[in-house]
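Worksheet for the structure shown next.
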Amino acid sequence: MNQKLLKKSFVFIFSLTSLIPLTGAAQAQETEQKEDDLFDELDAITTKENTDVIATFKSTRLLLGQSTERVRNEQLHFRISHVFSKIKGIDNFFGLDNLNNMHISFEYGLTDYIQLGLSRSNKPDKTYSTSAKLSLIRQKTKDGLPFSLSYFGNIDYKSRRYVPEERNNNFIGRIDYIHQVLISRKFNNKLSLQISPTYVHRNLTDTKDDPNNIYSLGIGGRYMVTRSTSLNLEYFYTIPTFDTHTINNDALTIGFDIETGGHVFQLYFTNAFALHPGKFALNQNGNFFDRDINFGFSILREFNL
Amino acid sequence: MKKKLLFIISLVLLHFVHAQEKLITRTAKVTFESKTDTEAFSAKNTQVASILISDTKTIAFNALLKSFRFEKALMEEHFNEKYVNSETYPSAKFKGRIIENIDLNKVGMYDVSIQGKMNFHGVEQSIKTVAKVIVNDDHTINITSNFKMNLDTYQIRIPAIVKEKISEDIVVTVNAHYKKSK
């Protein structure tokens, strides 16, 4: 081994040993950088969530009418709603002595986008209803339409006894059709609004002056008061296409949604006597501003089938 | 000239020695359970992403809260809306290290401790938990762990009305199967 080679190998070993601590230092610095990168990498491989806006309303009903909320796939909603009579003094315990209407409904989610329902209202017509709600557009948190849109269709069968006998035997005359388009938007975590154009067709009305076709516009919304409670308002403006129309008889409802872990209670004050759209959207309610106000509530329980 | 080549080769080799081996999964399972005297419920997320770096024994998780599935749809909605505010805090993240000096390239079963930081609901918290690590023949790795999370620690408040239905201490189970990333 000559001297030149020895010198060369010395330089080589020296350069190697000096490199080791250098790379070590570089690594320590890298670790912090790496940890941030690690989360970027993680984000990149995470399966993306669905961007549907959730919880526009607490319940599938805004108050009396349907909201754009849906019964999810294979879930069953059982709901009992009541509306009592006028809150006028202690004589009938602020209306609670008399029940104007009790509405029982089952709503089932065939998929996340199709909801089927069966329900019954006792007064005034002993009405059986079948319904379907189709969730057509969902508001997205990003890159999508800024509102939700659903269609609600309903057929009512009035099973009460009619007089005269001829009317009683008229099967077709017992049927009403209701169509609603529900359009809602969740503006922020507290405020959501909805408009619901509504069309009611009655095959047979009580008098000739009563119109067969009635058009209403439902307007409403909710505002979260606490994390579990929202204040809701709903108004059905019936378009005055007939003589007996009185603006004061439009349905106006103010109430609360109270959510208690899987259950939703609704408490409301309304001038409506009935709880199904085939009746309350007909401009036949009491006068809200003349204290024709009834108290009502509904209880919702969800089952997983 | 020969020496110079050797020098370059040794540099390249040096680089390879330090190259980290990364294992990943996109389908780790995370479940959590709440149990009180009146009600028990659980939720499951099967799309949790995780990375395991074998030489530094670093481990990181990312679980999107909206991907947790509950038995009842309403519960799922309330979970996201009311309790974890998933629109503001979309995910739970964890990053930590296996403390024990084990070789993740050696087939076997190891009981280890993992120390790290959990970031959830806008709160960062140091946690330490035990885990079971299995290094399989095909160089895939399984990690399972089980630990408790206190909701109050992460500033998740339970309204008085449901206090009896939701436990303050949630039991979290993690089950991940890692494969080498390409």
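Points worth noting:
- For residues of B:69-82, the mean tally of beta carbons on other chains within 10 Å: 6
- Sorting B:120-128, B:67-75, A:185-193 by average packing, meaning the other beta carbons within 10 Å per residue, from highest down gives B:67-75, A:185-193, B:120-128.
- Residue mean of other protein chain beta carbons inside 10 Å, B:51-58: 2
- Gaussian network model of chain A, Cα within-10 Å springs - most flexible of A:R138, A:R72, A:R161: A:R161
- Counting Cβ atoms of other protein chains within 10 Å of each Cβ in B:87-100 and taking the mean gives 2.
- Taking max minus min of the alpha-carbon positions on each principal axis, the protein assembly as shown gives extents of 128, 46, 39 Å, largest first.
- Separation of the B:K3 and B:T140 label points, Cα + 7 Å toward Cβ, nm: 5.1
- Annotation: the residues B:D137, A:D52, sorted from fewest to most other C-beta atoms within 10 Å of their own C-beta, follow the order B:D137, A:D52.
- If you model region B:2-180 as an ellipsoid using its alpha carbon gyration tensor, with each semi-axis the square root of five times an eigenvalue, the axes come out at 39, 16, 14 Å, biggest first.
- Hull shadow area, averaged, region A:86-243 [alpha-carbon convex hull, nm²]: 13.1
- Label point at A:V225 placed 7 Å out along Cα→Cβ; residues across region A:264-278 whose backbone nitrogen lies under 16 Å: A:265-270
- Angle between chain A longest axis and helix A:3-45 axis [Cα atoms, degrees, rounded to 10]: 0
- A Cβ-based charge dipole, computed about the Cα centre of the protein assembly as shown with Lys and Arg at +1 and Asp and Glu at -1, lands at about 1620 debye.
- Entries of A:K142/B:K179; B:K44/B:K106; B:K35/B:K148 with Cα pairs more than 24 Å apart: A:K142/B:K179; B:K44/B:K106
- Proximal charge balance of A:Q66 [Cβ under 12 Å; K/R count +1, D/E count -1]: +1
- Coarse-grained scattering of region A:174-305 at q = 0.13 Å⁻¹, given as base-10 log I(q)/I(0) from a Debye sum over alpha-carbon atoms: -0.61
- Projecting the Cα atoms of B:N85, B:S42, B:A176 onto the charge dipole of region B:2-180, computed from C-beta unit charges around the Cα centre, puts B:A176 farthest toward the positive end.
- Footprinting exposure proxy for A:S105, B:S113 (fewest neighbouring C-beta atoms within 10 Å first): B:S113, A:S105
- Spacing of the two label points (7 Å from each Cα toward its C-beta) at A:L99 and A:R160, in nm: 1.6
- Take the Cβ atoms of A:L145 and B:K106, set R0 to 60 Å, and the FRET efficiency comes out at 0.65.
- For the peptides B:34-40, A:236-242, the ranking by mean Cβ contacts within 10 Å, running from highest to lowest, is A:236-242, B:34-40.
- Among B:D169, B:D138, B:D111, the largest mean-square fluctuation in a Gaussian network model of chain B, built with springs joining Cα atoms closer than 10 Å, belongs to B:D138.
Readers should treat all values here as calculations from the given coordinates under stated rules, not as data from a laboratory. Just so we're clear, the structure is a prediction, and the values are computed from it rather than from any experiment. Cβ: placed from backbone, ideal geometry, glycine included. Neighbour counts: every protein chain shown.
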